[in-house]
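Colleague: Okay, handing you the structure first.
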């Protein structure tokens, strides 16, 4: 069973291990609000909590909720696991974020156009187990609950596994854009009727 946890002080050691694994693979985890850009994870945590708060919009940012997914045995709560194992730190299998549009940011740019409503990432050692679909399905549901009727995400054209995951979750490609660095991005929109 997957549980979804927002960033917290208690998760920082597990997130540091996740970040180190991604760095060893030469990856930057999408959906983790720049976690690899902060030498001190406490600074990242402050920023992640700020992004999720109403204060983000006051600063001209897009409010962004971040979650980490971790495996839990069926019928086991975090509290019960912590009691039985001492200090239990769930090891994240992946992450996602949901960007919730509000007023247009002060700088006049439209970051959603280049990032989409959803960013997600599966830990390199956890791929091929269906976690990508679980993360994207959960993120899509969160978007819909936040009033985003037709969420979309942006995927590099060469990222075939992510394009397949998006298609399996009801996303269809509608737009393509070549960025100044030559990267081709595909915008996929959720199209499944509920």
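Colleague: Any idea which residue in segment 45-54 is surrounded by the fewest Cβ atoms within 10 Å (Cβ to Cβ), counting only those that are farther than 16 Å from residue 101 by Cα and without any contact (Cβ under 8 Å) to a residue 24 or more places away in the chain?
Modeller: Here the residue is 46.
Colleague: Still on this model: Is it true that some residue in segment 74-93 is under 21 Å from residue 56 (Cβ atoms), at pLDDT 90 or above, within 17 Å of the chain's Cα centre (by Cα) and not in a helix (DSSP H, G or I)?
Modeller: no
Colleague: Within the set of pairs 6 or more residues apart or between chains, which connect a residue that is over 19 Å from residue 97 (Cβ atoms) inside segment 23-44 to a residue that is surrounded by fewer than 12 Cβ atoms within 10 Å (Cβ to Cβ) with Cβ atoms less than 7 Å apart?
Modeller: Nothing qualifies.
Colleague: If I filter segment 148-166 down to residues being touching a residue at least 24 places away in the same chain (Cβ under 8 Å) and surrounded by fewer than 13 Cβ atoms within 10 Å (Cβ to Cβ), which single residue comes out as nearest to residue 61 (Cα to Cα)?
Modeller: The residue in question is 150.
Colleague: Taking the criterion of being modelled with pLDDT of 95 or more, over 22 Å from residue 53 (Cβ atoms) and surrounded by 11 or more Cβ atoms within 10 Å (Cβ to Cβ), would at least one residue in segment 137-146 satisfy it?
Modeller: Scanning segment 137-146 turns up at least one residue that is modelled with pLDDT of 95 or more, over 22 Å from residue 53 (Cβ atoms) and surrounded by 11 or more Cβ atoms within 10 Å (Cβ to Cβ).
Colleague: How about segment 29-44: which of its residues are within 18 Å of the chain's Cα centre (by Cα), outside any helix (DSSP H, G or I) and loosely packed, with under 14 Cβ neighbours inside 10 Å?
Modeller: Within segment 29-44, just 34 meets the criteria.
The values are calculated or read from the model by the stated rules, or taken from the named source; none is laboratory data. This structure is a prediction, so every number in the text was calculated from the model and none was measured. Using ideal geometry, Cβ is built from the backbone for each residue, glycine included, and neighbour counts are taken over all protein chains shown.
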